[in-house]
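Below is one structure, written out as structure tokens; comments come after it.
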Amino acid sequence: MPVAIITGASKGLGRALAEGLAARGWDLVLDARTAATLEETASGLRELHGARVTAVPGDVTDAGHLAELVAAAWQLGGLDLLVNNASALGAEPLVRLNALPPEGLRRALEVNVIAALALVQEALPLLRASGEGAVITLSSDAAAEAYETWGGYGASKAALDHLAAVLGAEEPGLRVWAVDPGDMATDLYAAAVPDDEDPRPAPASVVPAFLRLLDERPASGRYGAPSLLEGRR
């Protein structure tokens, strides 16, 4: 069975992706900081889909934790997909750049960019050995558009987009997709804009876009989930 590592997998989009892959027979290594919530997710996937699911709680900025994730994948047989989904806002709720604390921006860069690259580096030998290895990094509209208060988070996602683009050029044997999932009802969005009461789509609604990438394996690049759902890039 193919094996995937998904960070930030205890809830939201990470959990929805884990459910979508488990339903297709994937074995999973799941990461999140809260051990109890992560194990609850993993147990549900085992019971519902019979998948082999390893829960590895920890912080993606910890190099030792990243090594544990890759070791867990190796124990399941290898690694075919790495999903860098864990994200940090930098400030909760979001603030304008003139009020963004440097430590907040630093945290966003450490989680969204540095940790993501460090995990890719740790996982590359297994991904290359797969023969069909793929990396998905979670992007955002804020990486490409200038939205007030989203500057720090958007800057970190823009940096991650560029790293993904270069990785795709440097690793032609892999598929590297930066995916903008669009608006979703997640805890991250609620923390970013707590006063926004407009309804947002459930994370599960965009999972078919990610599955389409895995089915069709288009060229490495940046993709928008809404466009994939409509049948176009």
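Checked against (1) surrounded by 14 or more Cβ atoms within 10 Å (Cβ to Cβ); (2) of a type in the set (V, I, T); (3) part of a helix (DSSP H, G or I), V166 meets all criteria but (1).
At least 2 residues being farther than 20 Å from A16 by Cα is the threshold, and among the helices (runs of 4 or more DSSP H) wholly inside segment 31-143 those reaching it are 63-76, 102-109, 115-130.
Among the candidates A123, A129, the residue that is within 16 Å of L82 (Cβ to Cβ), at pLDDT 95 or above, surrounded by 18 or more Cβ atoms within 10 Å (Cβ to Cβ) and not aromatic (F, W, Y) is uniquely A123. Cβ separations smaller than 7 Å between residues 6+ apart or across chains give the following pairs from segment 42-71 residues that are under 17 Å from G12 (Cα atoms) to residues that are buried (at least 18 other Cβ atoms within 10 Å of the Cβ) and modelled with pLDDT under 95: L45/A51. Taking the listed residues V179, V193, V166, the one that is of a type outside the set (K, R) and touching a strand residue (DSSP E or B) at 6+ places or on another chain (Cβ under 7 Å) is V179, with no other qualifying.
In segment 205-233, the residues that are touching a residue at least 60 places away in the same chain (Cβ under 8 Å) reach residues that are surrounded by 15 or more Cβ atoms within 10 Å (Cβ to Cβ) and β-branched (V, I, T) with C-beta atoms within less than 8 angstrom, at least six apart or across chains, in these pairs: F210/I136; F210/V179; L213/I136; L213/V179; R222/V179. Only one entry in A67, A23, A9 is surrounded by fewer than 19 Cβ atoms within 10 Å (Cβ to Cβ), of a type in the set (A, V, I, L, M) and under 24 Å from L109 (Cα atoms), namely A67. The single residue among A144, A73 that is of a type in the set (A, V, I, L, M, F, W, C) and surrounded by fewer than 22 Cβ atoms within 10 Å (Cβ to Cβ) turns out to be A144. Within segment 88-116, the set of residues being farther than 22 Å from A178 by Cα and crowded, with 21+ Cβ neighbours inside 10 Å comprises A91, L94.
Conditions (1) closer than 16 Å to A123 by Cβ; (2) basic (K, R), marked per residue:
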residue: I5; (1), (2): yes, no
residue: A32; (1), (2): no, no
residue: L38; (1), (2): no, no
residue: V56; (1), (2): yes, no
residue: A72; (1), (2): yes, no
residue: R96; (1), (2): no, yes
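The values are calculated or read from the model by the stated rules, or taken from the named source; none is laboratory data. Quantities reported herein were computed from a predicted structural model and do not represent experimental measurements. So basically every Cβ, Gly included, is an ideal-geometry build from the backbone, and we count neighbours across all protein chains shown.
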